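Remarks on the structure that follows.
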Protein chains: 2
Amino acid sequence: MGRWEPGARERLVLAAVDLFHEQGYDETTVAQIAERAGVTRSTFFRHFPDKRDVLVAGQAALSALLAEGIGATPAGAAPLDAVAEGLRRAAEVYGPMSREIAPRLEAVVSASAELRDRSAQKSVGLAAAMEDALVARGTAPVVARLAAELGVLAHHRAFERWAAEPDAAGGAMARYSIEALDELRAAAASLG
Amino acid sequence: MGRWEPGARERLVLAAVDLFHEQGYDETTVAQIAERAGVTRSTFFRHFPDKRDVLVAGQAALSALLAEGIGATPAGAAPLDAVAEGLRRAAEVYGPMSREIAPRLEAVVSASAELRDRSAQKSVGLAAAMEDALVARGTAPVVARLAAELGVLAHHRAFERWAAEPDAAGGAMARYSIEALDELRAAAASLG
């Protein structure tokens, strides 16, 4: 069985995270990222509009999976059960690539105000995707908004734990997501 | 009774919002903002590190008031009752200045990816301030995190409504905040 082999897009993400980590985000150019990844600048721009977007590369795929899972939940299901299904599907994208870059990615984002801002806006986008999918299946808007926020919180908490757990199997992110969502569900009962 | 008279800091915020709105965020310089406000560039830099921060000018004050209100709530109070007190105090900063700039500010932030990112990160900061204040008074971390997210949601929903209501009195933001929080509290019971 072969080792995991990244394609051009994955190599660009890995190269960008390495360079941002080694020399800083502001100091890194698109040309350097392309060179490190072994591709041309125009290949870079076929995959990403600018270097900032490399770090939120998975957002569109993630949003689509979250919405798909929520939309596929039976009509009578509770909003958080629909969110759980969204998180389960979204967990599919967390493979060896995510695990490999997680520690450096976290360091890079923490070190840059611009990237912290971008990362916060990514969460807003994920919440909006879930909220829209919930409203589309008939959840009241305010409940949908809240359920979506819980979904984003659960996703982040799960990712932190999954990335920190050295022995987790590649496909185990879904379990962490459901556990985190269950914790938040229990916490919601203690809000007062 | 005199009309509300803005000081240098307020004039800088008003000038910045006007210029961003008229000619775009990227096209506006610190020198132009200072000139429009009738102050020098060095006065600008005494108040703000850069032009991006003009738009989140109130964040530190808001965070401090939220934390102060939460900290002042009696020990036995439910987490969301503490958050309500934080929101009530934070509402004090929403006066004629906020009301005057609200519509243009919203347009400016919507039009710029960088400012949308910055605005999202501002929400993260407000949530962190509430979460820390709740944990400091003994709320379980996961409950504190969730209660803080509800607080931020309530704050945003309240601000949107307050800003859109032409006849609201200057001091009425607190009422909108508490109403929004009560809606979210009710929604939390329908999450499933």
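Values quoted throughout were computed directly from the atomic coordinates according to the rules given, and no laboratory measurement underlies them. Because the structure is a prediction, the values reported are computed rather than measured. Please note: Cβ atoms are built from the backbone with ideal geometry, for glycine as well, and neighbour counts cover all protein chains shown.
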Inset, instruction - Report Rg/Rh for the protein assembly as shown, rounded to two decimals, where Rg is the Cα radius of gyration and Rh the Kirkwood radius. - result: 0.99
Inset, instruction - Apply 1/(1 + (r/R0)^6) to the Cβ-Cβ distance of residue B:161 and residue A:40, taking R0 = 35 Å, and write down the FRET efficiency to the nearest 0.05. - result: 0.10
Inset, instruction - Would you give the gap between the C-alpha center of segment A:89-168 and the C-alpha center of segment B:175-192, rounded to a whole Å? - result: 23
Legend entry - Cα centre as origin, Lys/Arg/Asp/Glu Cβ charges: chain A dipole, Debye: 300
Inset, instruction - Find every distance from the label point of residue B:107 to the corresponding label point in the other copies (7 Å from Cα along Cα→Cβ) and write them in nm, one decimal, shortest first. - result: 4.6
Legend entry - Check: the protein assembly as shown dipole with +1 on Lys, Arg Cβ and -1 on Asp, Glu Cβ, in debye: 160
Inset, instruction - Would you please give the residues with an amide H less than 5 Å from that of residue A:48, counting only those at least 5 places away or on a separate chain, with H modeled from the backbone geometry? - result: none
Inset, instruction - Distances from residue A:172 to the same position in the other copies: list them in nm, one decimal, shortest first, using label points 7 Å from Cα along Cα→Cβ. - result: 5.5
Inset, instruction - Tell me the GluC sites (Glu not before Pro) within segment A:1-83 that lie in a loop according to DSSP and have at most 11 other beta-carbon atoms within 10 Å. - result: A:27
Legend entry - Structure-based [θ]222 nm, chain A - -39500 (n - 2.57) summed over DSSP H runs of at least 4, per residue, nearest 500: -23500 deg cm²/dmol
Inset, instruction - Take every Cα pair under 8 Å in segment A:69-192 that's 6+ residues apart, average their separations, divide by the length, and report that relative contact order as a whole percent. - result: 34
Legend entry - Distance in nm between pseudo-label sites at residue A:53 and residue A:182 (7 Å out along the Cβ direction from Cα): 3.9
Legend entry - Using a 7 Å Cα-to-Cβ projection, residue A:64 label spacings across copies, nm, ascending: 4.8
Inset, instruction - Please express the shape of segment A:68-192 as an equivalent ellipsoid: the semi-axes are the square roots of 5 times the eigenvalues of the C-alpha gyration tensor, given largest first in whole angstrom. - result: 25, 17, 14
